[in-house]
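Bear in mind that the values in this text are calculations on the coordinates, not laboratory data. Everything numeric in this text was worked out from a predicted model, so none of it was measured. Here the Cβ is made from the backbone with ideal geometry for all residues, glycine too, and neighbour counts use every protein chain on show.
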Amino acid sequence: MNLEDCGILKEDILNGVVKKLTEEFDQQELYQALQTASSRIEREAERIVTSKIAEKVDEMLSREFQPVDIWGDKVGGPTTISNIVERSLQNWWTATVGEDGKPVGRSHYGKKMPRAEYIMNGLITPEVRRLAEEDIRKVVSETKGQMSKQFQAALANIVRNAFR
């Protein structure tokens, strides 16, 4: 059951709200109320639309269908778009690539590796190297300061003993 079934029209509600607002508020307050209402309506509409879109996308991604080849013959069993995307990403991630990151065949003579290893080498290795170099510099500078103090103490000891 909705409001129209009860004889109440949306237009009547809007007219009543406008009339009440104009009776209760001055122009500045009406303007602020309009901005607040507009902002709230926009947020709620965006939430509803986003939710509906997400539902439709989830429905489309999980709906089963039968893949066919270019002649319309069935290929494999029923699947979903999510499964196809997952398999494609898995194949891409595990594809064999050369040192330049481009796919290579079996006859490639250079170094071959899975794409995941290539990406990790490109992203992780330089960062690990940078962090290791920073730690080594820090240890060397700390040790250098300690060695200087030890060297100074030893030299002072030698000089003291030499003049006794």
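Structural remarks
- Anchor residue 138: aspartates and glutamates whose Cα lies under 20 Å away (excluding residues fewer than 8 positions away in-chain): 127
- With the cut-off at under 19 Å, measuring from each backbone N in segment 2-35 to a point 7 Å along the Cα-to-Cβ line of residue 42 picks out 29-35.
- Between the amide H of residue 113 and those of 97, distances stay under 5 Å, these residues lying 5 or more places away or on another chain, with hydrogens modeled in the peptide plane.
- Fully extended contour minus Cα-Cα distance, from residue 34 to residue 51, at 0.36 nm per residue: 3.6 nm
- Farthest towards the positive end of the charge dipole of segment 95-162, among the residues 145, 126, 116, is the Cα of 145, using unit charges on the Cβ of Lys, Arg, Asp and Glu.
- Size of charge dipole - the chain - debye, nearest 20, with Cβ of Lys, Arg +1 and Asp, Glu -1, no other charges: 2040
- Using a cutoff of 8 angstrom between alpha carbon atoms and counting only pairs six or more residues apart, the relative contact order for the chain works out to 8 percent.
- Set of aspartates and glutamates near residue 74 by C-alpha distance (under 14 Å), chain-local residues within fewer than 8 positions excluded: 64
- From the coordinates shown, P(r) over Cα pairs in 10 Å bins from 0, in percent corresponds to which of (i) 7, 12, 13, 13, 12, 13, 14, 8, 5, 3, 1, 0; (ii) 10, 36, 34, 17, 4, 0; (iii) 10, 39, 38, 13, 1: (i)
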